[in-house]
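Please treat every number below as a calculation from the coordinates, not as lab data. If you're wondering where the values come from, they're calculated on a predicted model, not measured in any experiment. We place every Cβ from the backbone using ideal geometry, glycine too, and count neighbours over all the protein chains shown.
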Amino acid sequence: MKKPQSALPQRLHYPDDEKHLPWLAALLDGYAIADAGVAIAIANEIKRRKKRLACGKGCGSCCETQKDVPLYPHELVGIYWYVMEKMATPEREGLKSRLASHAAGLPCPFLIRGSCVIHPLRPLGCRQFNVFGSRCLPDEDPFFTRRGGVLTPLVEYTDRAFAAVISFYDTNEKNAAAAVRDIRAQIFNLQTFDWKKLAANISQKEKAG
Ligand code: SF4
Ligand code: SF4
């Protein structure tokens, strides 16, 4: 699901798209802040716990078991953009059927052959979900089986990640903390979200050639 980082992760850049999509630049800034916070929190916890991070490449059963990954409107727009504009055509076609048939209770539709196909634009909740000690067992949701082994994200970085995307929202709030609270109140659930509209958009794109 996520990769351990020895140095602070780099912000992703899509310069041509960011030129005409200011929200995308804000979203990528926000994710870079969140990823830095995760890397710092992991390094601190490895020292404190004297345990290694369990998460790593090729490990993703949490993407099948988790039932409540938070998703916010700016992240949703980012996922739509990535799927429609950046994903290779065969990969997008493979995703379409997953999205069209997705229902609550099924594994995340973006997990295909053990990999997250929207990894660069995966939501904050996925970025921040990390576990220490042993890798999760199949069907294990460590949030419930060993809450103490799950990383607690650094609040300051989470708040800054949300503050970075305030411009995406039509808010009259002058106070950043209040604006962040407003954004966080607009939460969806990735697993129960209706992804059929995105599947339909993919079909339309295929027809348009
Ligand atoms: S160890 Fe658990 S939480 Fe971490 S990537 Fe693997 S399945 Fe997910
Ligand atoms: S979007 Fe889905 S597949 Fe990707 S990391 Fe999150 S839960 Fe896993």
Item to check | R0 of 25 Å, Cβ-Cβ distance Lys207-Lys86: FRET efficiency to nearest 0.05 | outcome: 0.80
Checklist entry - When only Cα pairs under 8 Å and 6 or more residues apart are kept, what is the percent relative contact order across the stretch 103-209? => result 31
Item to check | Residue-wise HN-Hα coupling along the stretch 131-140, computed from phi with Karplus coefficients 6.51, -1.76, 1.60 (Hz; x: Gly, Pro) | outcome: 10, 9, x, 8, 5, 5, 6, x, 6, 7
Next on the checklist: What are the ³J(HN,Hα) couplings of the stretch 30-45, residue after residue, when phi is run through the Karplus curve with 6.51, -1.76, 1.60 and θ = phi - 60°? Round to Hz, x for glycine and proline.
Outcome noted: x, 5, 5, 5, 4, 5, 5, x, 5, 4, 5, 4, 5, 4, 4, 6
Checklist entry - Amide H of Val131: which non-local residues (sequence gap of 5 or more, or other chain) have their own amide H closer than 5 Å, using H built in the peptide plane? => result Ala54, Cys55, Leu151
Checklist entry - Tyr14 to Arg135: extension gain in nm, 0.36 nm per residue of separation minus the Cα-Cα distance? => result 40.2 nm
Checklist outcome for this item: Relative contact order as a percentage, the chain, C-alpha pairs under 8 Å and 6+ apart, gives 34
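In whole angstrom, how long is each semi-axis of the equivalent ellipsoid of the stretch 1-104, when you take the square root of 5 times every eigenvalue of its Cα gyration tensor and sort them from largest down?
Three semi-axes, in Å: 27, 21, 13.
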Item to check | Value of [θ]222 nm, deg cm²/dmol, for the chain, DSSP H segments ≥ 4, -39500 (n - 2.57) each, nearest 500 | outcome: -14000 deg cm²/dmol
Next on the checklist: If packing is taken as the average count of other Cβ atoms within 10 Å, what order do 71-83, 151-163 fall into, highest mean first?
Outcome noted: 71-83, 151-163
Checklist entry - Where q = 0.12 Å⁻¹, what log10 of I(q)/I(0) comes from the Debye formula for the chain, counting one point per Cα? => result -0.65
Checklist entry - Hey, any idea what the orientation-averaged projected area of the convex hull of the stretch 76-160's Cα atoms comes to, in nm²? => result 7.1
Checklist entry - How high is the FRET efficiency from Asp194 to Glu93, r the C-beta distance, R0 22 Å, rounded to 0.05? => result 0.65
Item to check | Förster radius 22 Å - calculated FRET efficiency between Ala104 and Thr145, Cβ distance, rounded to 0.05 | outcome: 0.55
